[in-house]
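What follows is a single structure, written as structure tokens, with notes after it.
The values are calculated or read from the model by the stated rules, or taken from the named source; none is laboratory data. All values reported here derive from a predicted model rather than from experimental measurement. Here the Cβ positions follow ideal geometry from the backbone for every residue, glycine too, while neighbour counts run over all protein chains shown.
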Amino acid sequence: MENKTRIEKDIVMFKDNVNKLNIIKLNDKQDSIVQLAKQYYEDSIYYHKKEDYFTAFGCINYAHGLLDAIIKF
């Protein structure tokens, strides 16, 4: 799979995961982590537009990791 396409799929997946959080009551610490994940998501979009796919991929993966920690624990 091409890097650009992979990042685009990961960006869509991130949005889906954020929607899953709507059913979870977050405490203040968890909410702070979600906000940080959203910032990394925005960074990923920024680097994707600049065609810096390496950095975009790193940002979106970090965002996913933060959300996964909240969703699973």
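Here is the figure for the stretch 59-73: residues that are surrounded by fewer than 17 Cβ atoms within 10 Å (Cβ to Cβ), farther than 15 Å from M13 by Cα and either aliphatic (A, V, I, L, M) or at pLDDT 95 or above (or both) total 1.
Scanning the stretch 1-39 for residues that are among the small types (G, A, S) and more than 22 Å from Y53 (Cα to Cα) returns a single hit, S32. Restricting attention to the stretch 29-41, the residues that are in contact (Cβ under 8 Å) with a residue 24 or more places away in the chain and exposed (fewer than 10 other Cβ atoms within 10 Å of the Cβ) add up to 0.
The single condition among (1) among the aliphatic types (A, V, I, L, M); (2) free of Cβ contacts under 8 Å to residues at least 12 places away in the same chain; (3) surrounded by 10 or more Cβ atoms within 10 Å (Cβ to Cβ) that L26 does not meet is (2).
Being surrounded by 12 or more Cβ atoms within 10 Å (Cβ to Cβ) and farther than 18 Å from Y62 by Cβ is the filter here, so list the residues in the stretch 4-23 that pass it. Passing the criteria: only K4.
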